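What follows is a single structure, written as structure tokens, with notes after it.
Every read-out reported here was derived from the displayed coordinates using simple, explicitly stated rules and does not represent laboratory data. Note that the structure is a prediction, hence the values are computed from the model and not measured. Note that we place each Cβ from the backbone using ideal geometry, even for glycine, and neighbour counts take in every protein chain shown.
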Amino acid sequence: KNNSQVTFSELQKLEQAYNVNLIKQKINNLSESLGFEKLDTNSVKIPYRPDVYLSAGYGVEVYSESAEFVTLDIRLFTTDRGTKINPAHCEIVRISGNSMEPEYRHGDRVIIDRDDTEFMDGHIFAFRYNGQCYVKEINVIGNKIKCISLNKEYEPFYIKQGEEFTIFGRILPRIRL
């Protein structure tokens, strides 16, 4: 409106906030007028950290968090209830071990929503505990966090208040790459 100029960084912020592709649409319009091929607006690039493993067992230490990018269909970023998940807050890592079977197997690549860090009982989260990275179902019991493996061969463990603990985000359900 009012012929005001919008900066590139403002466009990026709008894209993130509303999960739209304003820049791609503008580029596509320009490309089409010049006779070039359009960009795919149904895909997004997500950081994939090939050297980061989340232990589905007894913990794993991470030495490198370098990233490459993977292109995924934007429709993967919708929950079963239709809620949109902002792909700008997501990244892909791998599962190591078998304690989260049958839902997640060794080597599966999963998407972490780093924006979703609020505990909800029964949800699966990625976290660091005492220097080790894990993926577990989380339940809060008083001032402790109960970390549950889906594989019944593994006993749950508890994290007490004040212990070294950092939540990375919730694992997007039913998506394995």
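A simple spin-label model places pseudo-atoms 7 Å from Cα toward Cβ; at residue 153 and residue 141 they are separated by 2.3 nm.
Of the listed pairs 13/136; 45/84; 136/160; 13/84, which have alpha-carbon separations greater than 27 Å here? Exceeds cut-off: 13/136. Shown is the FRET efficiency for residue 161 and residue 43, computed with R0 = 41 Å from the Cβ-Cβ distance and rounded to the nearest 0.05: 0.45. The modelled label-to-label distance between residue 86 and residue 121, using points 7 Å beyond Cα along the C-beta direction, is 3.0 nm.
Legend: calculated FRET efficiency, residue 10 to residue 70, from the Cβ-Cβ distance at R0 = 25 Å, rounded to 0.05, equals 0.35.
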